[in-house]
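Here is the structure we will look at.
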């Protein structure tokens, strides 16, 4: 299938598909006319990549597990463990952001007391 067909089947933009190919995540065959030709298995690979991106995984981290996914050796438990690790990262970021928010609110409070103390 051509890249436009792959894009339609996966709802991933042609631009993004080209990026995935440039990064070595997906592969195509070049036809004599220069068009890319993707096989049907690539649909599943692109959907996996897109889902992983939606969950906030980086392309390098996806590239690490993608060969196992393509080979059918990435278990559901492997993905559950990776997703739980991602949740822990998000929880840590949320904790840090909440602490920053509190600090900002404290500073607002301090500035409010300063404006009340006009000489």
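Here are a few things to note about the model shown:
- Wholly within region 1-64, helices (runs of 4 or more DSSP H) carrying at least 3 residues that are closer than 22 Å to residue 76 by Cβ, in contact with a strand residue (DSSP E or B) (Cβ under 9 Å, 6 or more places away or on another chain) and at pLDDT 95 or above: none
- Of all residues in region 65-78, those satisfying the criterion of being loosely packed, with under 12 Cβ neighbours inside 10 Å and not in a helix (DSSP H, G or I) are 71, 72, 73, 75.
- Residue check, residue 65 under 23 Å from residue 86 (Cβ atoms) and either within 19 Å of the chain's Cα centre (by Cα) or not assigned by TED's automatic domain parsing to the domain that holds residue 90 (or both): yes
- All of 56, 72, 34 fail the test of being at positive phi and touching a residue at least 12 places away in the same chain (Cβ under 8 Å), apart from 56.
The values are calculated or read from the model by the stated rules, or taken from the named source; none is laboratory data. Keep in mind that this is a model prediction, so the values were computed, not measured. Methodologically, a virtual Cβ is constructed for each residue, glycine included, from the backbone with ideal geometry; neighbour enumeration extends over all protein chains shown.
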